[in-house]
Each structure stands twice: as structure tokens, then as C-alpha cells.
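Working notes for the structure below.
The values are calculated or read from the model by the stated rules, or taken from the named source; none is laboratory data. Since the structure is predicted, the reported quantities are computational estimates derived from the model, not experimental observations. Cβ placement follows ideal geometry from the backbone for every residue including glycine, while neighbour counts extend to all protein chains displayed. Heavy atoms of the whole protein, side chains included, go into the accessibility calculation; ligands, DNA and RNA do not. Shrake-Rupley method; radii C 1.70, N 1.55, O 1.52, S 1.80 Å.
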Amino acid sequence: MATAFKTVEPLEYYRRFLKENCRPDGRELGEFRATTVNIGSITTADGSALVKLGNTTVICGVKAELAAPAVDSANKGYIVPNVELPSLCSTRFRSGPPGEEAQAASQFIADVIENSQIIAKEDLCIANGKLAWVLYCDIICLDYDGNILDASAFALLAALKNVQLPSVTINEETGLSEVNLKQKNPLVIRKHPVATSFAIFDDTLLVVDPTAEEEDLATGTVTIVTDEEDRLCSVHKPGGSPLTGAKLQDCITRAITRHKEVKKLIDKVIKSIKPN
């Protein structure tokens, strides 16, 4: 009977749970799904991480290449993010060129990188006007069950913290670059941005870490990005229900708490794989 009701009236079915301050999967409104991170999953990449947020699974691989810096920013390298939502991760996505959701996610990650200053692009410069690193950050969803933005931002941060770049010098006589693969250095991570997403129900009720089903039923979503200094890096709100100042402040407060949990999780994993 409950299954039939859910099929015919999914929103009404969901509202009955919300009235009891819980959700169909058993979580409270402010409760996140189980979160795990695995660092260094792709041995062929310069840095990688696999993140699971409930059933949503995302992998990020970072590949570093050498290139000439742009003329107007001769002392800076590049960070090129790309989010892929292939048809294998969910029936809602089709194979072919990136869809609207994948493009929006890629732009969101690019904005997070820019606004948070996670890495100073000057740190990627090897020789002013001559040589710099390009970091290609490919984020691929393996299993989609909502909240792709939180999972992608988390995977990116964990993967960048895993990156080891070889030492590069330019031979003054030949002008060619010389790469020393035996001497590798970690990236300098300046900030640790963490995204926290909320679904808005009936214009007033906030539900944290929404599943795909919850996102479909919600009247809007909002994603808050904060760093370790409790600084607000960005607010991503793609239309939908408006939020009052008080509700937005509530979201920011919860996002700051979530940041501490995610940072603790990353630090724990990194510490466990470092040789003593």
C-alpha cells in the first residue's frame, strides 16, 4: 500500500515523513549520509580520490602537464576542472556530449577553485613567462544518487592533497625543461573549501544532503561553500524557492559544522597512508 501511495503521490508521501521530522531513508532532516574517502585510488594519475556520499560515488583524477603560461598572466599556471555524469551512473543521463547538469557542475567546481583560492596559480609557475603546470582535474560520477556538488568538491580537495609533482628545471644552455621524477613535491593547498547542499521543501523546510529523489521533489536547492577559517567562499543557488536571511544564515552555520567533519575525515585518511 505504501509503495503504491509513493508511486501515485510521491510528494505527499514525502511530506508525511517531514511532518515527523524524518526522511524515508531514516535520516533526520539535518543528517548527512555516511561519507567515506579513499585517496590515491588511480595509480596512473598524479593525484586521485574516491568519495562516497551515501550511494553517490565520485572519483577525481588529477593529471599534471607542462605548458607555456598565458601572456597576460605570465607567472601563473592553470587548473582545468571537468565533471562528467556518464550514462553508466544513472538512467537520467545519456551518453554523448555533456548535459546541462554536468556543465553546471563543472562551472560550480571552477567557481569554487577561483573563489576559495584553494591553490595559488602562482605556485604552479616554474619559469616566469616560459613554463607552468596545468592541472587537469577530471571528476567522474560512478553512481548517482543526488548531491553531486558536495561529492565533487570533496573529491577534488582530497585528490589535490594527494598530488605529487616532479621537480622541473630549465637548462640555461639548451632552454629545455628537465624533469626529475625521483624528486617529487606535494602541492601547496592554500584553502580547504567544503560544499554543503540543502534541498528546500514547500519554500520553508531545509533538508541537508538530498538524495536524487529528494532533489526532484524539492522546490529549490542551495549549496554553501566554506573554508577552514569559517569564511564563506560561495553560495550556489540555481533558481527555485527564495531563502530568507535567517534561513541562509542557518545554512551557513550548518555548513561550517560540516566543514570540520569533512576536514577531519580527509586528515585521518591522509595520516593513515603516510609512512611513519
Which of the following residues is among the acidic types (Asp, Glu), open to solvent by 20 Å² or more (accessible area, probe 1.4 Å) and closer than 25 Å to Thr35 by Cβ: Glu122, Glu65, Glu101? Glu101
Taking Val179 as the residue in question, decide whether it is farther than 30 Å from Leu248 by Cα, outside any strand (DSSP E or B) and open to solvent by 60 Å² or more (accessible area, probe 1.4 Å). no
Quick check on region 223-235. Is at least one of its residues surrounded by 15 or more Cβ atoms within 10 Å (Cβ to Cβ), touching a Gly at 6+ places or on another chain (Cβ under 7 Å) and either of a type in the set (Val, Ile, Thr) or within 27 Å of Ala158 (Cα to Cα) (or both)? no
Screening Ala110, Ala155 for residues that are at pLDDT 95 or above and surrounded by 19 or more Cβ atoms within 10 Å (Cβ to Cβ) leaves only Ala155
Filter region 236-247 down to the residues that are crowded, with 17+ Cβ neighbours inside 10 Å and part of a helix (DSSP H, G or I) and list them by number. Lys247
Tell me the residue from Asp138, Asp150, Asp145 that is in a helix (DSSP H, G or I) and within 30 Å of Glu261 (Cα to Cα), please. Asp150
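For (1) in contact with a strand residue (DSSP E or B) (Cβ under 7 Å, 6 or more places away or on another chain); (2) exposed (fewer than 15 other Cβ atoms within 10 Å of the Cβ), each residue gets a yes or a no:
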{"site": "Pro10", "(1), (2)": "no, yes"}
{"site": "Asn21", "(1), (2)": "yes, yes"}
{"site": "Ala34", "(1), (2)": "no, yes"}
{"site": "Gly47", "(1), (2)": "yes, no"}
{"site": "Lys52", "(1), (2)": "yes, no"}
{"site": "Cys60", "(1), (2)": "yes, no"}
{"site": "Pro69", "(1), (2)": "yes, no"}
{"site": "Asp72", "(1), (2)": "no, yes"}
Residues in region 52-75: is at least one part of a loop (DSSP other than H, G, I, E, B), within 30 Å of Asn128 (Cβ to Cβ) and in contact with a helix residue (DSSP H, G or I) (Cβ under 6 Å, 6 or more places away or on another chain)? yes
Determine whether Ser272 is outside any helix (DSSP H, G or I), over 17 Å from the mean Cα position of the chain (by Cα) and not charged (D, E, K, R). no
